[in-house]
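J.: The structure that follows is given in the form of structure tokens.
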Amino acid sequence: MGAATIFPTFLSAYLLLVCLVCSLKEGYFLGRISATAESHHLQHRHTIQVSSLLPSSVCSPAAQALDKKASLPVVHKHGPCSRLHQDKANIPTPAEVLLQDEARVKSIRSKLAKIYPGSSNVEETDAATLPAKDGSVVGSGNYIVTVGLGTPKKDLSLIFDTGSDITWTQCQPCVRSCYKQQDPIFSPSQSSTYSNISCTSTVCNSLASATGNSPGCSSSTCVYAIQYGDSSFSVGFFAKDTLTLTPSDVYNDFLFGCGQNNRGLFGGSAGLLGLGRDKLSLPSQTALKYKKFFSYCLPSSASSTGFLTFGDGGASKSIKFTTLSTISQGSSFYGIDITGISVGGQKLSIAASVFTAGGAIIDSGTVISRLPPTAYAALKSAFRKQMSQYPMAQPLSILDTCYDFSKYSSVSFPKISFFFSGGVEVPIAAKGVFYVSSISQVCLGFAGNSDDSDTGIFGNTQQKTLQVLYDGAAGRLGFSTGGCT
Ligand SMILES: *[C@@H]1O[C@H](CO)[C@@H](O)[C@H](O)[C@H]1NC(C)=O
């Protein structure tokens, strides 16, 4: 009797104990499972301090670039690391930068359309939509390097541009007009190594493909003219002089445009450094030494520095290569094949044909990547879904997915990767995801083209901190993460 009562009591106590252990164990396992889910979740998100979205007002230059050969520091045109920074009046607003970016994209389209005579969608750029204070479609979100020209050398800050070929700078005398620049204007008469190119020279004829305009001739001197889609242009003598990249990288007889009639502010820079694929570009002119091999890293913010390096000395070992595509054969542009996009570790389901319809290029001068509208819609939708905890903000120009982070000290957002032909995955840096107007208007930094058949562009916001390596001779393009800060 007693045992019968004790036993169930004992049994229930025992079962209770077992259940306690099992529930503890279960809790432990559940905890482990959710911790794994949590770390899995975290692994696919960036977490940053909101204050880090805004550039600092002091320059913190990076040291890593300087141990490389033929390496020039790269700075954002309008940041505290730039020599052009004093010219604060000319700093465009974020909305103006996006407007100018649209103009650049239009000029790229019209240049691509010219290469294919069958194409009828040559767009006229609408200069009237550009803010008057900067008529340049070279764009405002650009990066500059300082090179030396002439003997003795004069330092010039030039915008570097993988989307154009000839290098030009404003020259004295400014016969028609020169825009305001920070460096003293180059004076050919003060360089002992300067000479004009004659109209009968074969390189004079190469101007046609490099600039899209037939060369002119004035007093038997070859005249170049290049325009950038809207009202900005440079016209002057085609010339050669000594180009000094670094003290040990000096080129005699470097062909460049000595501009005596220039319009567009070009952000106070002295002109343009052309890194495109045509014969007259800097990589082509220095091909014997560098084999059309150069790499750069665009800094994460205007208050840090990146680099532009010629030759393969500085290539990271972890670099992954994709093929430079032939979409833009014969043009200045570097074609690439985007094959996919992932958001928060999940590959978006986008048909391959969406990316192949218009192809794509990589461009150092376009700020916001342009995607086929079908791909952008998928990106936007996945991103918004994983950002539902944050309040949205007004769209900003071409950017339609903006957030108000003003009530947060830190935020987390899904990681984004781009995939290129050859199975190359390129993780976009945390600083490459957003385009920031203010803390209360932080926008997903991608935009859709108007049609899937338009050429896509992998722009400079998304290239931030990546080492991007152009191997023109081998026809390949390399990427590695963490190239600069
Ligand atoms: C280059 O050509 C222009 C036009 O003919 C001329 O004014 C200038 O003096 C020439 N410069 C040199 C160094 O020959």
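J.: From the list Thr211, Thr244, Thr221, Thr193, which one is hydroxyl-bearing (Ser, Thr, Tyr), more than 13 Å from the ligand (Cβ to nearest atom) and modelled with pLDDT of 95 or more?
T.: Going through Thr211, Thr244, Thr221, Thr193 in turn, the sole match is Thr244.
J.: Part of a strand (DSSP E or B) and either assigned by TED's automatic domain parsing to the domain that holds Gly358 or in contact with a strand residue (DSSP E or B) (Cβ under 8 Å, 6 or more places away or on another chain) (or both) - does that describe any residue in segment 374-389?
T.: For segment 374-389, residues part of a strand (DSSP E or B) and either assigned by TED's automatic domain parsing to the domain that holds Gly358 or in contact with a strand residue (DSSP E or B) (Cβ under 8 Å, 6 or more places away or on another chain) (or both): absent.
J.: Shifting gears a bit: Inspect all residues belonging to segment 283-304 and state whether any of them is of a type in the set (Ser, Thr, Tyr), in contact (Cβ under 8 Å) with a residue 60 or more places away in the chain and in a strand (DSSP E or B).
T.: yes
J.: Just one of (1) buried (at least 21 other Cβ atoms within 10 Å of the Cβ); (2) out of contact with any Gly (no Cβ under 7 Å at 6 or more places or on another chain); (3) under 19 Å from Lys385 (Cβ atoms) trips up Phe434, so point out which.
T.: All conditions pass for Phe434, except number (2).
J.: Do we have Ser349 as outside the structural domain of Leu273 (by TED's automatic domain parsing), surrounded by fewer than 22 Cβ atoms within 10 Å (Cβ to Cβ) and in a loop (DSSP other than H, G, I, E, B) here?
T.: Answer is yes for this residue.
J.: Can you give me the number of residues within segment 302-318 that are crowded, with 21+ Cβ neighbours inside 10 Å and either among the hydroxyl-bearing types (Ser, Thr, Tyr) or in contact with a Phe, Trp or Tyr (Cβ under 9 Å, 6 or more places away or on another chain) (or both)?
T.: Residues meeting the conditions: 8.
J.: Select from segment 228-250 the residues that are part of a strand (DSSP E or B) and surrounded by fewer than 18 Cβ atoms within 10 Å (Cβ to Cβ) and list them in ascending order.
T.: Hits for segment 228-250 are Thr246, Val250.
J.: Of these, Gly335, Gly340, which one is in a strand (DSSP E or B) and without any contact (Cβ under 8 Å) to a residue 60 or more places away in the chain?
T.: Gly335
J.: Let me ask another. Checking the structure you have, find out if any residue of segment 456-464 is more than 26 Å from Pro92 (Cβ to Cβ) and open to solvent by 30 Å² or more (accessible area, probe 1.4 Å).
T.: no
J.: What pairs can you find where one residue is in segment 224-235 and closer than 12 Å to Phe266 by Cβ, the other is open to solvent by 40 Å² or more (accessible area, probe 1.4 Å) and modelled with pLDDT of 85 or more, and their Cβ atoms are less than 6 Å apart, with a gap of 6+ or different chains?
T.: Correct list of pairs: Ser232/Arg263; Phe233/Arg263.
J.: May I pose another question? Which one is nearest to Ala208 (Cα to Cα), of the residues in segment 257-272 that are out of contact with any Asp or Glu (no Cβ under 7 Å at 6 or more places or on another chain) and either in a strand (DSSP E or B) or in the same structural domain as Gly475 (by TED's automatic domain parsing) (or both)?
T.: Checking each candidate, the answer is Gly257.
J.: A further question on this structure: Taking segment 401-418 as the region of interest, how many residues are open to solvent by 30 Å² or more (accessible area, probe 1.4 Å) and in contact (Cβ under 8 Å) with a residue 24 or more places away in the chain?
T.: Count: 6.
J.: Does Phe266 qualify as being within 16 Å of the ligand (Cβ to nearest atom) and open to solvent by less than 20 Å² (accessible area, probe 1.4 Å)?
T.: Judged against the criteria, Phe266 is not a match.
J.: Pull up segment 25-59, narrow it to residues that are part of a loop (DSSP other than H, G, I, E, B) and open to solvent by less than 70 Å² (accessible area, probe 1.4 Å), then point me to the one that is modelled with the lowest pLDDT.
T.: Only one residue fits best here, namely Ser56.
J.: So which of Asp183, Asp161, Asp155 is under 24 Å from Leu275 (Cβ atoms), at pLDDT 80 or above and buried (at least 24 other Cβ atoms within 10 Å of the Cβ)?
T.: Asp161
J.: Of all residues in segment 186-196, how many are open to solvent by 10 Å² or more (accessible area, probe 1.4 Å) and closer than 24 Å to Ser82 by Cβ?
T.: Summing the residues that are open to solvent by 10 Å² or more (accessible area, probe 1.4 Å) and closer than 24 Å to Ser82 by Cβ in segment 186-196 gives 1.
The values are calculated or read from the model by the stated rules, or taken from the named source; none is laboratory data. The structure presented is a predicted model; accordingly, all values stated were derived computationally and were not measured. Methodologically, a virtual Cβ is constructed for each residue, glycine included, from the backbone with ideal geometry; neighbour enumeration extends over all protein chains shown. To get the accessible areas, we keep the full protein, side chains included, count just its heavy atoms, and leave off ligands, DNA and RNA. Shrake-Rupley method; radii C 1.70, N 1.55, O 1.52, S 1.80 Å.
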